[in-house]
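What follows is a set of notes on a single structure, which appears directly below.
The values are calculated or read from the model by the stated rules, or taken from the named source; none is laboratory data. Remember, predicted model here, so these are calculated numbers, not experimental data. Here the Cβ is made from the backbone with ideal geometry for all residues, glycine too, and neighbour counts use every protein chain on show.
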Amino acid sequence: MSTPAESDVQHLRYDPTTIEPKWQQIWRDEKTWHVSNKPDDRPSSYVLEMLPYPSGEPHMGHLKVYSVGDALAHYRRRNGMRVLHPMGYDSFGLPAENPRESTEDAIAEFRRQFETWGVSIDWDREFGTHEPGYYRWTQWIFLKLFEAGLAYQKEAAVNWCPNDQTVLANEQVVDGHCERCGAAVEIKQLKQWFFKITEYAERLLDDFAQLESWPDNVITMQRNWIGRSEGAEVVFSCEELGIDYPVFTTRPDTLFGATFFVMAPEHPDVFKLAEGTGAEQAVRDYVNAAARKSKEERGADDKEKTGVPLGRSVVNPVNGEAIPMYVSDYVLMEYGTGAIMAVPAHDQRDYEFAKKYGIEIRQVIAPAGEGGQPADISEQLAEQAYVSSTESDVLVNSGDFSGKSSVDAKREITGWLGADGRGKATVNYKLRDWLVSRQRYWGCPIPVVHCDDCGIVPVPEARLPVELPDIDDYVPKGKSPLAAATGWVEVHCPECKGPARRETDTMDTFVDSSWYFMRYTDARNDREAWHRAVLNEWMPVDNYIGGVEHAILHLMYARFFTKALHDLGLVGAVEPFKNLFTQGMITRDGAKMSKSKGNVISPSAYVEKYGADTARCYILFIGPPDQDADWADEGVEGVHRFLARLWRLAVEVEQRTDASLGVAAPQSADADRSSGALSDGAQAVMRKAHWAIDKVTGDMEGRFAFNTAIAAVMELVNELYKCKDALLDSDDADASSLRFATATAGSLLFPFAPHLGAEVYDMLGGGRVWEVTWPAADAAYLASDSITLVVQVNGKVRDKIEAAADASEDELIELARASERVQSHIDGKETVKQIVVPGKLVNIVVR
RNA sequence: GCGGAUGUGGCGGAAUUGGUAGACGCGCUGGCCUUAGGAGCCAGUGGGUGAAAACUCGUGGGGGUUCGAGUCCCUCCAUCCGCACCA
């Protein structure tokens with residue numbers, strides 16, 4: 001029964017360590033994945049994974065993101081598209097040791113591993129953001145934004161990380177802690193560089209409509225972060241000092257209930273206001289205490305409201321009433337105007353403050369009660385504020401506006417105040433300008449000089465890049481280490497030629513990564529950042545793939561950059577990423593991998609032991625790629641077994657069938673299928689192969705269902721094992737069907753396991769699978785003459801019957817009723833209803 | 001507190017439009033092959049009753065819509081994530 005050839009095959013070992021380097025060398029030597037910028041008749045597609053921060057070696061997240069992106073890139077290419085799939089490194093940042101050396105070592109290791117993974121990258125476009133050839137253009141963009149008034153310097157209260165010894169953007173502070181190192185963030189008053197992202201707040205919101213597919217949660221997070229709220233700016237006047245204080249409120253309908261007024265401790269006028277009132281010392285103590293608090297302490301959940309009177313009052317514009325002013329840290333300087341009107345009856349925070357300091361709580365809103373009269377809510381107001389604001393909430397104690405609905409009153413009171421300049425409708429955003437200066441050495445220098453006579457002078461474009469000097473001590477000490485490089489700092493002013501000093505702060509690394517996807521399109525251009533026509537040919541990115549942790553930071557900054565550069569006429573696209581895919585995390589024992597938990601596993605160990613194809617397929621097979629997945633070594637073994645099984649099948653089929661048959665489908669295939677020229681086994685094999693083609697294609701299109709796509713190839717291979725013994729040693733048609741189906745398994749698996757896919761296809765005489773068009777399923781093999789009819793009685797499955805695919809509804813009912821198993825359930829009962837789903841099911845409802 | 005997601009065998013997961021729940025893989029059980037195998041091949045595998053045929057229960061809990069619900073609606077619970085003094 002078993003031939004020598006068969007038993008040989010059983011003992012052959014699938015050896016990825018010889019197969020994988022073989023194909024990698026061909027791809028490297030022939031630059032297979034290089035794509036030219038010269039358009040051709042193929043549609044272009046830009047597939048991009050978020051660029052890696054090179055530190056140590058790649059981790060499981062990298063393996064996952066490139067497994068997903070590479071599968072997509074391969075699939076696109078084989079569907080006749082011209083695919084841009086580049087690679088680079090986010091190589092400025094916070095390295096521990098000698099930055100230049102450690103960065104370049106890490107990049108070399110990343111590149112080496114990516115090559116062992118067989119990722120189909122156009123290596124001719126590779127760069128690191130720390131290379132002068134790249135950051136020259138980062139500086140150029142900075143100057144463009146500066147010219148446009150979108151980059152500016154101002155003194156402001158900023159987030160300071162005492163550990164990293166640098167300022168942080170608002171977005172980089174998480175729960176009052178440094179996003180990077182976890183230290184409690186302090187507030188400092190410093191002069192810093194900002195990008196005017198707030199000018200784009202509205203468009204960042206509006207243009208969500210232009211995106212093709214982005215996860216809802218990412219859009220929601222950005223929307224919340226931008227924090228648009230509509231309301232009114234209302235002017236309260238301090239008559240004693242003759243200063244007007246506008247406040248922002250979303251509740252102008254509650255103005256008649258304002259019984260006090262609060263300023264943030266950072267408000268520049270608090271000392272001026274307190275002066276001469278006797279409150280000076282108390283105010284100074286309070287403000288100093290607030291300044292010493294970390295952001296976290298200030299924002300703590302259960303923190304009791306505190307504050308001190310300023311000893312002054314302001315006039316409420318709706319009723320001319322003078323109300324007392326306070327300073328309290330529950331008011332934030334960075335939102336609105338840094339001052340608020342306080343309506344304790346209808347705002348919980350104001351309520352708590354008023355309760356503590358015995359300030360009047362004056363109700364001006366009431367829910368509609370019976371008979372259209374306002375309901376009595378005094379009981380509730382003894383406990384907490386009443387914050388509802390709907391059509392059925394009406395104003396009380398509000399002069400001429402009493403009786404109006406809360407909703408109408410907002411508009412009418414704003415309009416009334418607006419008529420004589422005491423207020424206006426406005427929109428406010430939580431979003432603040434992007435703080436981009438960093439007091440770090442390893443970053444892109446900000447290309448300006450400070451001249452005593454000329455002020456801030458941009459470095460002329462022709463003199464870019466402003467290169468990072470080599471220095472001895474790059475440990476941050478509160479100001480940029482670059483300040484110590486006196487030979488570099490001291491320059492001549494580009495305008496007056498007088499003595500001047502270079503800016504010593506460097507840029508936030510998020511600036512580097514806000515435009516790298518544009519540079520890829522024309523990465524070797526040393527005359528300009530990109531050629532416009534080339535850029536527009538590729539942009540926007542068709543599929544952007546990465547972790548959801550960048551939902552706000554990177555993705556919002558990149559959107560802002562694209563819009564700003566668009567407005568400057570430099571970029572055609574308005575949005576950078578048409579489709580966004582956020583991959584889930586790889587966990588270990590159900591927990592995030594971390595050094596402190598000691599549960600970190602690295603891809604390299606698995607790639608060395610099982611090969612890249614196994615590691616890549618496993619990470620895709622483990623579950624839907626947008627969900628978190630737990631890494632299990634037994635699962636890896638299972639996938640490895642499957643790949644070995646396919647490889648052995650290919651070897652056996654190759655050895656025991658005639659090589660001249662190649663990988664073509666049997667010639668008698670579709671024409672003679674019904675006439676029986678193909679054996680039953682061959683037909684089963686052909687049908688399964690075409691079923692798999694259809695399934696994998698469907699899973700790749702539209703959704704990233706790689707897990708079920710791989711499962712389909714597993715099913716095909718299982719079917720081939722079942723049929724192969726009958727088909728080997730048979731006639732040419734049978735042998736052809738086997739060769740075709742085995743090669744098809746390799747072809748379908750190629751996007752996920754490129755080395756093995758190429759090996760199997762080539763072994764059977766198909767040549768280079770990546771040059772072969774993606775297979776199309778033959779409808780003739782998908783349709784079947786017979787179906788399995790499910791028969792239900794009262795919705796419960798009672799039988800399954802083989803039926804002709806083209807049977808009529810009546811025939812199906814007849815068939816169903818004839819079944820013995822069905823009869824035992826319907827005998828002697830009245831048939832109420834019979835439902836037929838053609839080709840699928842009959843449900844007989846009896847009583 | 002607000003917003004979002006998820007909940008299916010022992011485990012990872014499948015079920016694309018309301019129509020056979022559990023594809024595929026892991027694990028487990030049995031068989032074949034083998035000097036042996038933790039290799040390979042084949043078969044079985046949601047729970048309960050049963051010798052079997054079969055019956056019955058079953059997609060976090062409860063309720064509803066429907067001939068029919070993992071899928072739609074209401075409600076509760078659990079876990080995870082994001083935001084959180086934003087006036």
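Pairing each residue of segment A:762-779 that is under 17 Å from A:L738 (Cβ atoms) with any residue that is of a type in the set (K, R), provided the two are 6+ apart or on different chains, yields C-beta distances under 6 Å for A:L764/A:R739.
In segment A:778-789, the condition of being in contact with an Asp or Glu (Cβ under 8 Å, 6 or more places away or on another chain), more than 16 Å from RNA strand B (Cβ to nearest atom) and not hydroxyl-bearing (S, T, Y) is met by at least one residue.
Select from segment A:510-540 the residues that are more than 23 Å from A:W214 (Cα to Cα) and among the polar types (S, T, N, Q) and list them in ascending order. Scanning segment A:510-540 gives a single hit, A:N525.
Put simply, of A:V387, A:V457 the only residue that is farther than 27 Å from A:I226 by Cα, free of Cβ contacts under 8 Å to residues at least 60 places away in the same chain and of a type in the set (A, V, I, L, M) is A:V457. Inside segment A:509-557, can you point out the residues that are surrounded by fewer than 22 Cβ atoms within 10 Å (Cβ to Cβ) and under 11 Å from the mean Cα position of the chain (by Cα)? If the condition is that a residue be surrounded by fewer than 22 Cβ atoms within 10 Å (Cβ to Cβ) and under 11 Å from the mean Cα position of the chain (by Cα), then A:G547, A:V548, A:E549, A:H550, A:A551, A:I552, A:L553, A:H554 are the ones that fit. Which condition does A:Q373 not pass, out of (1) modelled with pLDDT under 90; (2) within 30 Å of A:R203 (Cα to Cα), if it passes all the others? So A:Q373 meets the others, but not (2).
The test for being in contact with a Ser or Thr (Cβ under 6 Å, 6 or more places away or on another chain) and modelled with pLDDT of 85 or more does not hold for A:V837.
Looking at segment A:587-630, which of its residues are more than 23 Å from the chain's Cα centre (by Cα) and among the acidic types (D, E)? Listed by number, the residues that qualify are A:D589, A:E608, A:D613. Among (1) more than 12 Å from RNA strand B (Cβ to nearest atom); (2) aromatic (F, W, Y); (3) over 30 Å from A:L553 (Cα atoms), there is one condition A:F353 misses while meeting the rest; what is its number? Here A:F353 clears every test but (1). Restricting segment A:347-372 to residues that are part of a helix (DSSP H, G or I) and among the basic types (K, R) leaves a set whose member that is nearest to A:P309 (Cα to Cα) is A:K356.
The set of residues in segment A:685-722 that are buried (at least 18 other Cβ atoms within 10 Å of the Cβ), over 31 Å from the mean Cα position of the chain (by Cα), within 10 Å of RNA strand B (Cβ to nearest atom) and free of Cβ contacts under 8 Å to residues at least 60 places away in the same chain comprises A:L716, A:E719. Per the listing A:E186, A:E297, A:E266, A:E280, the residue uniquely in contact (Cβ under 8 Å) with a residue 40 or more places away in the chain, of a type in the set (D, E) and either in contact with a helix residue (DSSP H, G or I) (Cβ under 6 Å, 6 or more places away or on another chain) or more than 28 Å from A:V387 (Cα to Cα) (or both) is A:E186.
A single member of A:I121, A:I107 is β-branched (V, I, T) and over 27 Å from A:L748 (Cα atoms), and it is A:I107.
With the condition kept exactly as written, say whether any residue in segment A:200-216 is more than 10 Å from RNA strand B (Cβ to nearest atom), in contact with a Lys or Arg (Cβ under 6 Å, 6 or more places away or on another chain) and among the acidic types (D, E). Yes, some residue in segment A:200-216 is more than 10 Å from RNA strand B (Cβ to nearest atom), in contact with a Lys or Arg (Cβ under 6 Å, 6 or more places away or on another chain) and among the acidic types (D, E). Which residue is nearest to RNA strand B (Cβ to nearest atom), if the candidates are limited to segment A:614-634 and must be of a type in the set (A, V, I, L, M, F, W, C) and in a loop (DSSP other than H, G, I, E, B)? So, considering only residues that are of a type in the set (A, V, I, L, M, F, W, C) and in a loop (DSSP other than H, G, I, E, B), the one nearest to RNA strand B (Cβ to nearest atom) is A:I622. Looking only at residues in segment A:211-245 that are over 38 Å from the mean Cα position of the chain (by Cα) and crowded, with 16+ Cβ neighbours inside 10 Å, the one that is farthest from A:N428 (Cα to Cα) is A:C238.
Among the criteria (1) in contact (Cβ under 8 Å) with a residue 40 or more places away in the chain; (2) in a strand (DSSP E or B); (3) touching a helix residue (DSSP H, G or I) at 6+ places or on another chain (Cβ under 6 Å), the one A:I787 does not fulfil is (3). For A:A816, the requirement of being among the hydrophobic types (A, V, I, L, M, F, W, C), outside any strand (DSSP E or B) and away from RNA strand B (no atom under 13 Å from the Cβ) is not met.
If you go through segment A:170-227, how many residues are part of a loop (DSSP other than H, G, I, E, B) and of a type in the set (D, E)? Adding up the residues that qualify gives 3. Determine which member of the set A:G176, A:G133 is surrounded by fewer than 20 Cβ atoms within 10 Å (Cβ to Cβ) and out of contact with any Ser or Thr (no Cβ under 7 Å at 6 or more places or on another chain). That would be A:G133, the only listed residue that is surrounded by fewer than 20 Cβ atoms within 10 Å (Cβ to Cβ) and out of contact with any Ser or Thr (no Cβ under 7 Å at 6 or more places or on another chain). If we keep just the residues of segment A:304-341 that are assigned to a strand (DSSP E or B) and farther than 22 Å from A:G278 by Cβ, which is nearest to RNA strand B (Cβ to nearest atom)? Restricting to residues being assigned to a strand (DSSP E or B) and farther than 22 Å from A:G278 by Cβ, the top hit is A:I340. In this structure, A:Q10 does not qualify as at negative phi, part of a helix (DSSP H, G or I), at pLDDT 95 or above and not assigned by TED's automatic domain parsing to the domain that holds A:L649. Residues in segment A:15-65 that are of a type in the set (F, W, Y), outside the structural domain of A:G80 (by TED's automatic domain parsing) and either closer than 13 Å to A:I121 by Cβ or within 18 Å of the chain's Cα centre (by Cα) (or both): A:W27, A:W33.
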